[in-house]
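Laboratory data are not the source of any read-out in this text; all were calculated from the coordinates shown. Because the structure is predicted, anything quoted here is derived from the model rather than measured. For neighbour counting, all protein chains shown are included, and Cβ atoms are generated from backbone atoms with ideal geometry for every residue, glycine included.
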């Protein structure tokens with residue numbers, strides 16, 4: 001049997017990028033051949049094995065045939081007579097359809113090295129249209145490689161549009177949509193993921209709540225970029241520069257989804273979009289199986305980001321209410337993520353705001369520190385009942401916040 005390093009490891013070596021995982025394809029073998037060598041089987045639908053020492057994945061060469069809709073609608077054939085070229089042909093992009101021999105020589109039957117040089121994301125074959133998940137994967141790779149100048153080839157984008165028009169996107173399992181989206185949010189340029197999905201019509205299919213924001217105006221006084229969709233992309237870009245955590249980036253992405261529900265006769269105002277946005281995020285999270293950590297932070301940001309922007313104008317009692325509503329006293333790390341998402345919103349309003357300071361975050365951090373430092377006298381704790389203690393504590397915290405303003 002012959003063993004080849006395949007996929008991302010080959011691509012990243014040629015790009016001079018670090019390789020995080022290595023996958024191999026085995027040509028000319030049967031499952032029993034690998035079992036006899038001590039490999040451990042892990043694949044359910046097709047033979048994938050773990051190396052007995054390294055734990056790296058080795059898959060038998062295989063072909064796929066479309067049998068039904070969606071990501072799982074394929075029949076797989078593996079056999080010793082399946083060639084390396086046939087195995088590589090089933091892959092999505094030419095830059096992912098290369099292999100490397102033991103001596104380091106690259107096997108490149110579909111022009112992956114050519115497309116690396118041209119900075120193009122191009123499909124391997126017309127069979128690309130058989131898997132709707134590839135629309136999301138291409139958009140994710142576009143987000144990953146945008147800093148290197150990669151773009152999606154025009155003919156590949158046309159096939160992505162064909163997949164959308166066919167209705168195949170509706171066959172995607174929600175969990176797969178979220179997995180690809182979460183991975184895209186972790187990339188250096190996550191907004192590119194949304195831009196590519198929108199350019200082929202897929203954004204409306206998988207994230208109609210976000211697609212609905214494009215073309216919705218905002219008051220120019222506060223939003224010189226005007227378009228809510230463009231604002232959302234800018235906020236996501238700023239969030240990516242502030243934090244690597246996908247919780248923060250997801251909250252930035254969906255913070256204004258409520259504006260997509262505003263009736264046209266109320267434009268460019270969006271009264272009540274915070275509450276409607278929070279409800280919409282709950283629905284999105286349920287549909288896509290979004291983790292609770294992401295959902296909770298996104299709902300908080302949607303509900304309260306406008307309050308944070310105005311914190312310098314608020315009374316001490318109102319500031320304390322904001323700290324209480326965001327559970328800042330118990331969830332300090334989440335509160336920090338909350339502030340980062342709010343800062344991204346404030347700075348995602350065009351080039352003139354991109355590097356602007358955001359003193360509101362510092363004000364709230366100081367208020368939280370001052371209020372958290374408050375301690376009631378032991379005699380009060382010993383003599384008074386719960387409700388009175390809570391009232392005294394709240395009054396003392398308001399006084400501590402007020403003292404910050406006086407200073």
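Descriptive notes on the structure:
- When the chain is treated as a GNM with alpha-carbon contacts under 10 Å, the residue of 302, 373, 127 showing the greatest mean-square fluctuation is 373.
- When you count the other C-beta atoms within 10 angstrom of each residue and take the mean per peptide, 52-58, 216-222 line up highest first as 216-222, 52-58.
- Cβ-to-Cβ counts within 10 Å put 338, 141 in ascending order as 141, 338, the fewest first.
- Region 287-407 pair-distance distribution - Cα-Cα, 5 Å bins, rounded %: 2, 10, 19, 19, 17, 14, 9, 6, 3, 2, 1, 0
- Nearest 10 degrees, 0 to 90: helix 174-185 Cα axis against the chain principal axis: 80
- Overall shape of region 69-138 was characterised from the C-alpha gyration tensor. The equivalent ellipsoid obtained from it has semi-axes of 22, 18, 8 Å, in decreasing order.
- Over the chain, the Kirkwood radius and the radius of gyration, each from Cα atoms, give a ratio Rg/Rh of 1.08.
- Value of relative contact order over the chain, rounded to a whole percent, pairs C-alpha under 8 Å and six or more apart: 10
- Report summary: the helix-based calculation at 222 nm, which adds -39500 (n - 2.57) for every DSSP H run with n ≥ 4 and divides by the residues of the chain, gives -15500 deg cm²/dmol.
- Computed from Cα atoms, the angle from the helix 228-242 axis to the main principal axis of the chain rounds to 90 degrees.
- Relative contact order, percent, region 1-111 [alpha-carbon distance under 8 Å, six or more residues apart]: 28
- Residue order, fewest to most beta carbons within 10 Å, for 301, 290: 290, 301
- Computed over region 111-241: relative contact order in percent, which uses C-alpha pairs under 8 Å that are six or more apart: 24
- Ascending count of other beta-carbon atoms within 10 Å, so fewest first, for 129, 281: 129, 281
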